[in-house]
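The values are calculated or read from the model by the stated rules, or taken from the named source; none is laboratory data. All values derive from a computational prediction rather than experimental measurement. All Cβ positions, glycine included, derive from the backbone under ideal geometry; neighbour counts span all protein chains shown.
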Amino acid sequence: MPESIYPSRRSPVFGRGGMVASSQPLATDAGLEILALGGNAADAAVATATALNVTEPTSTGIGGDMFALYYDAAAGQVTALNGSGRAPAALTLDLLRQNELTELPRFQPYTVTVPGACAGWCDLIERHGSLGLPIVLAPAIHLAEEGFPVAPVTSHFWRRAAERQLKSALNGREMTIDGRGPNPGELFRNPGLARTLRCVAEGGKMAYYEGEIAAAIVATLEQEGGCMTQEDLAAHISTWDGPISTTYGGLRLWECPPNGQGIAALIALNLLEGFDLPADPIDPQRLHLEIEAMRLAFADTRWYVTDPAVVNIPIQELISKDYAASRRTLIDPQRATLDQQRGAPISGSDTVYFCVVDQWGNACSFINSNYMGFGTGIVPKGWGFTLQNRGHNFSLDHAHPNALAPGKRPYHTIIPAMITRQADGSLFGPIGVMGGFMQPQGHLQVFLALAQGLDPQSALDLPRFCIEDGTSGGEVALEEGVPEETLADLAGRGHPVRKVTGWERALFGRGQAIIRDPATGVLTGGSDPRADGCAMPLI
């Protein structure tokens, strides 16, 4: 691989016996523990996910949703798991109007959709795993019961959330230490979450959706004025969907289909295929083209992405090369276009991302989220987790495809990705970048860096851009490390830009990546320097 012109403060990690890359070292260790016991990538992924629920509740948990892509080495196939939940049956636009709500406040109980993470964890193990839930959940249960020292970045966002949603949310104080977030290195124990995970380990997903936990969720939301019922929880199912993909530079990028926004990365990649991109990842001309491609992609996805079980979405047309060719003519190579409109293809921020590759070459790309940090901050009393606020992404415009409706999944920002080689379908590796509408933008930028030969750590270290609101005309945040002359160049082309430094760099997401050499089986991993985590191999 060529040497990066943006040297990392971290080296890429190498190994052969399996690898886990996550945003928390203790969660990475939990995944490695399961690999060492003979578990595969699915087993280690769920162990990592549940350990992250304990160690990074600021971003993820059993009260949220998940998505995963799984590469089965024996079959040479990628499968997609949608573990996102649906709106309660009683939640309607009429109900909101009766309550004089013209928009959904971020931490309001009506934003709580059915949490899909628990079912997703169990379904991934059932279909692809090799170990049972009691073994897989054991590391997370131990961390929750015995406590763990909180990492610095997690501590910062935990303390911020303690003053935001946890301060006023029902039972939110349970996720604090005397009303405050833990300091770096301070021990935090969560016996309520340990109790939750033990119930799931012993009783599977039904222990969550039909037992005491379900009753606690419903009772807590009812106390807050919500309308979720035990029937809503009991009716929840994950779905196994056909993954979607496109090709670029000899590689194939895979994403979960809508209701996730991964399709935005595929649309943008197809658009860029028609341009000769400069080799320097932060060359102003290259950044301009990438930003313009994402503007067009968002113009489409912010309209078309919704629940495909409710609304027909022209997925294959949106990711076709022909559609990209027609839309590409709207990109001015020199000037920003801030008023891009959606096309007509029919013919006729807070999340954890991690990845695992096992010794057999299976891989799991996994993302789990509460949304907006601790979600609503509402805690089912005594159970140690907060409830998500994914319903905030519904449109309240009845004419919009993503309009709120009972039993409907909302536009979802969380997306995992997987890369295979176009020639033979072999695994290149799992990648992902978390962070609201940053995610498809992060996928695009990291994928392009890997495609040109950078190692995973160097690709993750590159300074990033982010169209902040995920719209076609949004302001562009540029991370520290992008030269001042590049900011000036992009501003001169008509992009509204601003430089982002310090803690605010969290808006650029936190990613992980592992790539596999098909000849030697050597794994190369990287972990985002914007988080506390690491990539680690199994010896």
**Prompt:** If you take the residues in the stretch 343-361 that are buried (at least 19 other Cβ atoms within 10 Å of the Cβ) and touching a helix residue (DSSP H, G or I) at 6+ places or on another chain (Cβ under 7 Å), which one is modelled with the lowest pLDDT?
**Reply:** 349
**Request:** For the stretch 384-396, indicate whether the set of residues that are in contact with a strand residue (DSSP E or B) (Cβ under 8 Å, 6 or more places away or on another chain) and closer than 18 Å to residue 265 by Cα is non-empty.
**Result:** no
**Scope the stretch 377-423; condition of a type in the set (S, T, N, Q) and either at pLDDT below 95 or within 15 Å of the chain's Cα centre (by Cα) (or both); matching residues** = 388, 389, 393, 395, 402, 413
**Request:** May I ask you to verify whether residue 113 is under 30 Å from residue 202 (Cα atoms), crowded, with 24+ Cβ neighbours inside 10 Å, at pLDDT 95 or above and among the polar types (S, T, N, Q)?
**Result:** yes
**Request:** Within the stretch 303-310, identify whether any single residue is part of a helix (DSSP H, G or I) and either touching a strand residue (DSSP E or B) at 6+ places or on another chain (Cβ under 6 Å) or aromatic (Phe, Trp, Tyr) (or both), and answer yes or no.
**Result:** yes
**Message:** Quick check on my filter: what residues within the stretch 370-421 are surrounded by 21 or more Cβ atoms within 10 Å (Cβ to Cβ), assigned to a strand (DSSP E or B) and touching a helix residue (DSSP H, G or I) at 6+ places or on another chain (Cβ under 8 Å)?
**Reply:** 412, 417, 419
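Per-residue answers, yes or no, for (1) over 19 Å from residue 243 (Cα atoms); (2) assigned to a helix (DSSP H, G or I):
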| position | (1), (2) |
| --- | --- |
| 423 | no, no |
| 428 | no, no |
| 431 | no, no |
| 440 | no, yes |
| 459 | yes, yes |
**Index of the failed condition, residue 75 passing every other in (1) touching a Leu at 6+ places or on another chain (Cβ under 9 Å); (2) within 19 Å of residue 418 (Cα to Cα)** = (1)
**Complete:** For the stretch 491-535 the number of residues that are farther than 20 Å from residue 443 by Cβ and in a loop (DSSP other than H, G, I, E, B) is 12
**Message:** Being within 27 Å of residue 155 (Cβ to Cβ) and polar (S, T, N, Q) is the requirement here; does residue 486 meet it?
**Reply:** no
**Asked** Listed residues 489, 532; which is surrounded by 20 or more Cβ atoms within 10 Å (Cβ to Cβ), farther than 21 Å from residue 415 by Cβ and either among the acidic types (Asp, Glu) or modelled with pLDDT under 95 (or both)?
**Response** 532
**Request:** State whether the residues of the stretch 236-257 include one that is β-branched (Val, Ile, Thr) and out of contact with any Leu (no Cβ under 9 Å at 6 or more places or on another chain).
**Result:** yes
**Request:** Just give me the residues in the stretch 215-246 being of a type outside the set (Val, Ile, Thr) and under 26 Å from residue 256 (Cβ atoms), in sequence order.
**Result:** 228, 232, 233, 234, 235, 236, 238, 240, 241, 242, 243, 245
**Asked** What is the number of the single condition among (1) buried (at least 21 other Cβ atoms within 10 Å of the Cβ); (2) closer than 29 Å to residue 123 by Cβ; (3) in contact with a strand residue (DSSP E or B) (Cβ under 9 Å, 6 or more places away or on another chain); (4) among the charged types (D, E, K, R) that residue 241 does not meet?
**Response** (1)
**Prompt:** Based on what the data block shows, is residue 97 outside any helix (DSSP H, G or I), modelled with pLDDT under 95, at negative phi and among the charged types (D, E, K, R)?
**Reply:** no
**Prompt:** What's the number of the condition residue 258 fails, among (1) assigned to a helix (DSSP H, G or I); (2) closer than 30 Å to residue 123 by Cα; (3) not acidic (Asp, Glu)?
**Reply:** (1)
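Residue by residue, here is whether (1) out of contact with any helix residue (DSSP H, G or I) (no Cβ under 9 Å at 6 or more places or on another chain); (2) at pLDDT 95 or above; (3) within 30 Å of residue 461 (Cα to Cα) holds:
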| residue | (1), (2), (3) |
| --- | --- |
| 218 | no, yes, no |
| 231 | yes, yes, no |
| 250 | no, yes, yes |
| 253 | no, yes, yes |
| 282 | no, no, yes |
**Request:** Check whether at least one residue in the stretch 501-513 is farther than 18 Å from residue 466 by Cα and either crowded, with 21+ Cβ neighbours inside 10 Å or more than 24 Å from the chain's Cα centre (by Cα) (or both), and report yes or no.
**Result:** yes
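Has the stretch 29-39 got any residue that is at pLDDT 95 or above, part of a loop (DSSP other than H, G, I, E, B), crowded, with 24+ Cβ neighbours inside 10 Å and touching a helix residue (DSSP H, G or I) at 6+ places or on another chain (Cβ under 8 Å)?
Yes; the residues of the stretch 29-39 include at least one that is at pLDDT 95 or above, part of a loop (DSSP other than H, G, I, E, B), crowded, with 24+ Cβ neighbours inside 10 Å and touching a helix residue (DSSP H, G or I) at 6+ places or on another chain (Cβ under 8 Å).
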